[in-house]
Amino acid sequence: MNKDREIWENFKDGDQSALSNIYFQYFQSMFQYGIRFKDDSEFIKDCIQDVFFKLIQAGDKLSPTDNIRFYLFKALKNAIYKEIDKGKKIELVEFASLKFDSPFAFEQELAEKEKVSNREIALLKALNELSARQREIIYLRYECGLEYEQICEIMQLKNDSARKLVFRAIKSLKEIIEGQFHLPILIFIRFSNKHAL
């Protein structure tokens, strides 16, 4: 049995150590994902608490999963959407209108470096020119390592749309980097070594 599936099943059966394990292992990554939609740490922490409260309430009624991170990210995005929607009484809010906007780990690393290469500057500028949805899909695919099917569920995309959106995002990065900096695309993306398209 997959390790995530085993921990999840233990949690569903009421195992407190499994709950604690899930909470402490995933709280930080959930926070980092959530803060990209709304730059309000207390709001995001409240949404995360709400996710865990609902998971505990559901208990053994929860559906099975073999990827806890995916399950939690999807639940958190839904919670953020619902909370933002509650605050907008007159204006209709669409799920797709949640704007993914915050630095990648790569961008944070660059901000801490004293000397930044032209290659790193090119990547940083190119990432900032992507749309919010392109940034989100690059984050989910390359920083979180999620599968395309999981990305489709989180972002509410149809089957092949996730691959197409990643392809378009990479193509945009390529055009920006090669157009503005005359650098070959193969040098620009460090996380492409982790996951194949």
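Cross-link check: pairs Lys45/Lys158; Lys77/Lys174; Lys125/Lys158; Lys82/Lys158; Lys38/Lys61; Lys3/Lys82 evaluated at a Cα-Cα cut-off of 26 Å; pairs beyond the cut-off: Lys45/Lys158; Lys77/Lys174; Lys125/Lys158; Lys38/Lys61; Lys3/Lys82.
Can you sort Lys38, Lys125 from fewest to most other Cβ atoms within 10 Å of each residue's own Cβ? Walk me through the numbers on the way to the answer.
Numbers: Lys38 17, Lys125 13.
If I rank by nearby Cβ atoms, fewest first, I get Lys125, Lys38.
Annotation: the residues Val51, Val166, sorted from fewest to most other C-beta atoms within 10 Å of their own C-beta, follow the order Val166, Val51.
3J(HN,Hα) couplings calculated from phi for region 61-70 with the Karplus curve 6.51 cos²θ - 1.76 cosθ + 1.60 (θ = phi - 60°) are, in sequence order, 7, 5, 6, x, 8, 10, 9, 5, 4, 4 Hz; Gly and Pro show x. Rounding to the nearest 20 debye, state how big the charge dipole of region 3-95 is about its Cα centre with +1 on each Lys and Arg Cβ and -1 on each Asp and Glu Cβ. Here region 3-95 has a charge dipole of around 200 debye.
Just flag the GluC sites (Glu not before Pro) in region 1-92 sitting in loop per DSSP whose Cβ has no more than 11 other Cβ atoms within 10 Å. Don't skip to the answer; put the middle values down first.
Details: sites: Glu6, Glu9, Glu42, Glu83, Glu91; in loops: Glu91.
For GluC sites (Glu not before Pro) across region 1-92 that sit outside H, G, I, E and B with at most 11 neighbouring Cβ atoms in 10 Å, the list reads Glu91.
Note that region 38-49 has calculated 3J(HN,Hα) couplings of 8, 7, 8, 4, 5, 4, 5, 4, 4, 5, 5, 4 Hz, one per residue in order, obtained from phi through the Karplus relation 6.51 cos²θ - 1.76 cosθ + 1.60 (θ = phi - 60°); glycine and proline are x.
Every number in this text was worked out from the coordinates using simple rules, so none of it is lab data. Just so it is clear, the model here is predicted, and its values are computed rather than measured. Neighbour counts are summed over all protein chains in view; Cβ atoms, including those assigned to glycine, are modelled from backbone coordinates with ideal geometry.
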